[in-house]
Amino acid sequence: MVAVHDGVATDVREAVNAAASPFRFEVDGPQLYRLLDEIEGRGDELGAIYHSHTRSEPYPSQTDLNFAALWPGVEWIIVGVARDGEPLVRTYRIEEGRVTEVELEAA
Ligand SMILES: [Zn+2]
């Protein structure tokens, strides 16, 4: 989870994959809300959620779309692999099932 303030990332918090699987992720709700409380307690907001696709391109899966429906306004940073095996990072907005790629700038 990436905390932001005025659109600038201020902190990165790791959440444990409750599915304990390299093929899919599940986030345990209480853990997520605890991290969210910590982020908001400092006056920041949840700006992005990142995860990786260990064997596919960094494009939102159906699971990601379903999960994103619960988190409107949050950007999705996905680390995946290109066809040549190189790591690729892409960022998306997912609103009402529509996927739009957005720019992620290094500060
Ligand atoms: Zn995914």
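The values are calculated or read from the model by the stated rules, or taken from the named source; none is laboratory data. Nothing here was measured: the structure is a model prediction, and the numbers come from that model. Heads up, the Cβs are rebuilt from the backbone with ideal geometry, glycines too, and the neighbour counts pull from every protein chain shown. Note: areas computed on protein heavy atoms with side chains; ligands, DNA, RNA excluded. Shrake-Rupley method; radii C 1.70, N 1.55, O 1.52, S 1.80 Å.
Observations
- Per residue, the convex hull around the alpha carbon atoms of region 2-102 comes to 101 Å³.
- Accessible surface of the chain, 1.4 Å probe, proportion on carbon and sulfur as whole %: 51 percent
- Simple Cβ-charge dipole of the chain, Lys/Arg +1 and Asp/Glu -1, about Cα centre, in debye nearest 20: 400 debye
- Charge tally in the Cβ shell below 14 Å around Val79, where Lys, Arg are +1 and Asp, Glu are -1, Val79 excluded: -3
- Nearest 10 degrees, 0 to 90: helix 29-41 Cα axis against the chain principal axis: 50 degrees
- Given a 1.4 Å probe and the protein chains as shown, Tyr33 ends up with an accessible area of around 130 Å².
- Charge tally for Thr100 (other residues, Cβ to Cβ under 14 Å; Lys, Arg +1; Asp, Glu -1): -3.
- Local net charge near Ala18, Cβ-Cβ under 14 Å (Lys/Arg +1, Asp/Glu -1): -1
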